[in-house]
Amino acid sequence: MKLYSERYQEILNVSVTLLKLCGINIFAKNFRMNLITWFIIGIIGLYFILFTYTVYVGIQNDWSIVLKVITMSTTATQGLIKLQNFLCNPKTLRKLAEELEEVYLEYERRTNQKYPKYLQRSIALIKRINYAVLAFCLIALSTVIVWPLIFSYVKGEKLLVGSMRIPCVDDKNGWGFIIHFALQSVMLIIGAYGNFAADSYCFLLLAHTSLFKDLLYCKFQDLNEILQQYPRNSLRSKPLLQDILKWHQKHVLFIETASSIYFWVILVQISTAVTGIVTTLVCQFLGIYPTAVGYLIYCAVLFYIYCGIGNLYERVNEEVINIICDSLWYELTIDEQKLILFMLHKSQTVEGLTIGNLIPLSLNTALKLTRFMYTLSMMLLQFLD
């Protein structure tokens, strides 16, 4: 039977391998940008150049080209900010992953079965998130690329993957259409792959806040057992309490680091997802972009998964407060109770994940934004009609 640290390492290795193929091997010593990195940057740059050209040329005859191009550009913007995040913070991202591995190595050796149970639960959570993201990415990708082929076969009309145009190449004739379709498909596949690689590593780190909370709960259980036998005996309780305090500080530092390092990623991810969903819905209602269903699936799924991760942070923080309050703190000495009070105060003031420090990232926020997206879509639809 594999150890939990080995299972974690396998998941980490998959994410690292995916990132290597994007030219982002942050676990390499003296990591530097390589040819693959520059190729990815070149692809993103080429897309935005063609994006600008398409809007400039198309808006003169068809205003709807703006909606179509914005719909597709959301994934490119997300990929760009995630790439920038890895290039600017490789040491911190690597350090977080290595610290999590140390946690698995330490607590899988505990004879008490309470700890391994939560390690297994954490591994299962990471796998479920990654499988869900991968499944919906593949569904969205296949929908965007395959649907034009089906549409062409059934109705005999040529549809492109996106609305991006190449200068001096006519997308109406045979070879021009093939060149447009092939380039758009390649860019889309590279973008979907890069976003999934970055998201898999992101969720690997962020979802582990639940493990910190679970292990804190186990530590308090150990402390409560000691206090039941030896109340107000600091010789017995103080070592455990000091360990709890260190672990709590480590958890708070993890949350603060994650919130800081993924600040811009979350802001851009949510804002572009909202933009992409609104423009896609309007295009669908107007019937001007039938292949955009895949983009709608992708934007919506990632939007709710990110909000779900933020909701996890809110719930974990509330549960940490409950764990501290439900402990047998009244059986501690006065000096030890002050340490409990310090932890409680820190837990009540720590902030979770936010969207630009404006609103918390949570399912409640997702519900509000969903209402906003529907309202905005209807307003745009009435205006355009």
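The values are calculated or read from the model by the stated rules, or taken from the named source; none is laboratory data. Remember, predicted model here, so these are calculated numbers, not experimental data. We place every Cβ from the backbone using ideal geometry, glycine too, and count neighbours over all the protein chains shown. Keep in mind that these areas ignore ligands, DNA and RNA; they rest on the heavy atoms of the full protein, side chains included. Shrake-Rupley method; radii C 1.70, N 1.55, O 1.52, S 1.80 Å.
A few remarks follow.
- For peptides 70-81, 367-378, sequence by mean Cβ density within 10 Å, most packed first: 70-81, 367-378
- PHE51 sits among other residues whose Cβ lies under 12 Å from its own Cβ, and their net charge, with Lys and Arg +1 and Asp and Glu -1, is +2.
- Unit charges on C-beta of K, R, D, E only; dipole of the range 1-150, Debye: 420
- Note on LEU253: accessible area is roughly 100 Å² with a 1.4 Å probe, heavy atoms of protein only.
- Put a plus charge on the Cβ of each Lys and Arg, a minus charge on the Cβ of each Asp and Glu, and nothing anywhere else: the dipole of the range 94-200 about its Cα centre is then about 360 debye.
- 20 Å reach of a label modelled at ILE41, 7 Å along Cα-to-Cβ, counting backbone N of the range 71-98: 76-94
- Solution diffusion estimate, µm²/s, Stokes-Einstein, the range 32-167, Kirkwood Rh from C-alpha pairs, 4 °C, viscosity 1.567 mPa s: 67
- Hypothetical label at VAL66: residues of the range 361-382 whose amide nitrogen lies under 18 Å (7 Å Cα-Cβ projection): 376-382
- For TRP63, solvent-accessible area (1.4 Å; no DNA, RNA or ligand), Å²: 120
- Placing a label point 7 Å from the Cα of ASP243 along the Cα-to-Cβ direction, the residues of the range 82-113 whose backbone N falls under 13 Å from that point are 106-113.
- Coordinate range of the alpha-carbon atoms in the range 280-362 per principal axis, descending: 71, 21, 13 Å.
- Each of LEU341, ASN317, LEU381 was placed along the dipole of the range 288-385 (beta-carbon charges, centred on the mean Cα), and the one lying farthest toward the positive end is LEU381.
- In degrees, nearest ten, helix 234-261 long axis to first principal axis of the chain (Cα): 10
- Structure-based [θ]222 nm, the chain - -39500 (n - 2.57) summed over DSSP H runs of at least 4, per residue, nearest 500: -28000 deg cm²/dmol
- Charge dipole (the range 8-166, unit charges on Cβ, about Cα centre) - positive-most of ALA140, LEU93, TYR53: LEU93
- Violating pairs (Cα-Cα greater than 29 angstrom) within the set LYS219/LYS368; LYS127/LYS158; LYS20/LYS127: LYS219/LYS368; LYS127/LYS158
- Under 16 Å of direct C-alpha separation, and excluding same-chain neighbours fewer than eight residues apart, LYS346 reaches these lysines: LYS213, LYS246, LYS250, LYS338.
- Between the residues PHE177, ASN224, MET164, the greatest Cα displacement towards the positive end of the dipole of the range 154-224, with unit charges on the Cβ of Lys, Arg, Asp and Glu, is found for PHE177.
- In nm, spacing of pseudo-spin labels at ARG128 and ASP170 (7 Å Cα→C-beta vector): 5.6
- Residue-span extension gain [GLN284 to LEU21] - 0.36 nm each, minus C-alpha spacing: 91.2 nm
- Dipole magnitude of the chain about its Cα centre (Cβ charges: Lys, Arg +1; Asp, Glu -1), debye to nearest 20: 440
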